[in-house]
1. Looking at segment 31-49 only, could you name the residues that are surrounded by fewer than 21 Cβ atoms within 10 Å (Cβ to Cβ) and hydrophobic (A, V, I, L, M, F, W, C)?
2. Would segment 153-165 turn up any residue that is more than 19 Å from M76 (Cα to Cα) and acidic (D, E)?
3. Can you tell me which of D265, D257, D275 is under 24 Å from T2 (Cβ atoms) and open to solvent by 50 Å² or more (accessible area, probe 1.4 Å)?
4. Residues that are touching a helix residue (DSSP H, G or I) at 6+ places or on another chain (Cβ under 6 Å), at pLDDT 95 or above and surrounded by 18 or more Cβ atoms within 10 Å (Cβ to Cβ): does segment 195-206 have at least one?
5. Among H69, H54, H95, which is the only one that is open to solvent by 10 Å² or more (accessible area, probe 1.4 Å), in contact with a Gly (Cβ under 8 Å, 6 or more places away or on another chain) and in contact (Cβ under 8 Å) with a residue 24 or more places away in the chain?
6. Sort out which residues of segment 265-287 are closer than 22 Å to M37 by Cβ and over 22 Å from the mean Cα position of the chain (by Cα), and write them in order of number.
7. Could you list all residues from segment 289-313 that are among the small types (G, A, S) and buried (at least 24 other Cβ atoms within 10 Å of the Cβ)?
8. Output the qualifying pairs, or none if there are none: Cβ atoms under 7 angstrom, residues six or more apart or on different chains, first residue in segment 291-305 and free of Cβ contacts under 8 Å to residues at least 40 places away in the same chain, second residue open to solvent by 10 Å² or more (accessible area, probe 1.4 Å) and in a loop (DSSP other than H, G, I, E, B).
Amino acid sequence: MTVLGPRALNRATLARQHLLDRTTAPVGEVVAHLCGMQAQEPQEPFTGLWSRVHAFRPVLLDRALTDRHVVRTHLMRRTIHLVTDDDALAWRARHDTMLRQRVLATYRRELAGIDLDELAAAGRTVMADHRPRTMAELVDAVRDRWPGPPRRALGELLVAALVPMAQLPPRGLWQTRSGVRNLPLTAWLGRDFTPLPKGEEGQEVHVGDDPVGQQLVRRYLAAYGPAATADIRAWSGVAGLPAAVRALRDELVTFRDERGRVLLDLPDAPRPSPDTPAPVRFLPAFDNAILGYQDRSRIIDDAHLGLSVAGLLAVLVDGRVAATWTTDDRKLLVGPLRPLTAREQEAVREEGHGLAAFLDQGIDRVDISAVRAAIG
C-alpha cells in the first residue's frame, strides 16, 4: 500500500480546500464543496472565502445568506456552520443524535430528568408562529413548565439540538454586528428534512443502507481526503459512519500515512506532487483546513495545536501553519511561529496587503514580529 507523507497529504488538502489555487466557482458551490464552513465567529467565513475564491466580494456571501441559499445552523461537532440549504436539510437528521448527546454531556447534571421529546414538542409549538426569537425569548416561553434548569442549559438544548434552527440575517452579514435570532430551518427554507432510512418497526438504521451517511463520506473525502475514518468522525462528530464507509469500500482507494493509519480517498480526487509550490494564505479562526481532521499533522505542528482551538488566526507558509495574524490600529500584525526567510517574509507581506485591502479597515502596514513561543 502506498505511503503518503505529511507533505503529500498537505498538498492534497490544500488543493481540495482551494488553498493552492483560488477557484472561480460561485460562493454557494464553494460552501457546498467544503462541506460547510465553521462560523461561530460570524465574520470569519469572509476571510476564509477571500483566501479561496478569486475576486471574492463580501456581497456574494451576504446575498447567499439573505436569499436563503446558505444558512447558519448548528451541525458538525455542535458548532455553528455555514452550509447550503440543500445540505442543511439533507444532513440534519444524520446529526440529531450527536447534537443531543453533546448538549447533554455539557449539561448532564443540569438537564437530568428532562423529557427531551416533551421539551422539543413545546419548543416547536412556540416557534410554530414563524416569528424569529432569541434563545432567551424561547426559554421565556417554556420556562413555566421547566423552571429548574439554568436558562443557558435549557436554551442550548432547544436551539442547538431539539429544534433545528437557522440563525437569521443580519447575523453573519459583512461588517454587521447582530444578535442571534432563530427560526426553525424548515420554516426559513420552506422545505422539510431528508429523513433517515427506517428499519423494521420504524427503527433508524446506520448500516449500508444509509445514503446520507455515504454522501457525507464521499463529500468529506472530496474536500479533505485522503483521510482516515477517525478523521471523518472528528470532523463530523457523528458515530455510525464506519458502516457507510464499508458500503463504499469498493469505490474508494486506500493509502497509509507514516503513522501506519489506513487512509481512504476517491479515485480521481487531486493528489498533487509533494513538490508543488504552495502560496501564502491567511486563514480565519477555526478554519476547515485545520479542524477537519483528528490528526492535524499534515498542516500544523504538534507544538502549535492549541492555536486551532483557541480561535487564533493562522498564516500558511509553504502550506503549513507558520504564523498567526491579527489587526490593530491600522496594522496587520503577523507573529511567526518559526523563522521566516526573506523570500517568505516578502510573500507574507504581499498577501497581507491584499488581505488588508479586502478587510477595508484602513490598514496600511503589514508588520512581522519576532518568532513567538509554541501554542500547545
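The values are calculated or read from the model by the stated rules, or taken from the named source; none is laboratory data. Everything numeric in this text was worked out from a predicted model, so none of it was measured. Because the Cβ atoms are built from the backbone with ideal geometry, glycine has one as well, and the counts that use them run over all protein chains shown. Heads up: the accessible areas ignore ligands, DNA and RNA and are worked out on the full protein's heavy atoms, side chains in. Shrake-Rupley method; radii C 1.70, N 1.55, O 1.52, S 1.80 Å.
1. Answer for segment 31-49, where residues must be surrounded by fewer than 21 Cβ atoms within 10 Å (Cβ to Cβ) and hydrophobic (A, V, I, L, M, F, W, C): just A32.
2. no
3. Just one listed residue meets the conditions, D275.
4. Within segment 195-206 (the criterion being touching a helix residue (DSSP H, G or I) at 6+ places or on another chain (Cβ under 6 Å), at pLDDT 95 or above and surrounded by 18 or more Cβ atoms within 10 Å (Cβ to Cβ)), the answer is no, since none of the residues qualifies.
5. H69
6. A278, P279
7. Matches in segment 289-313: A289, G292.
8. R296/L305
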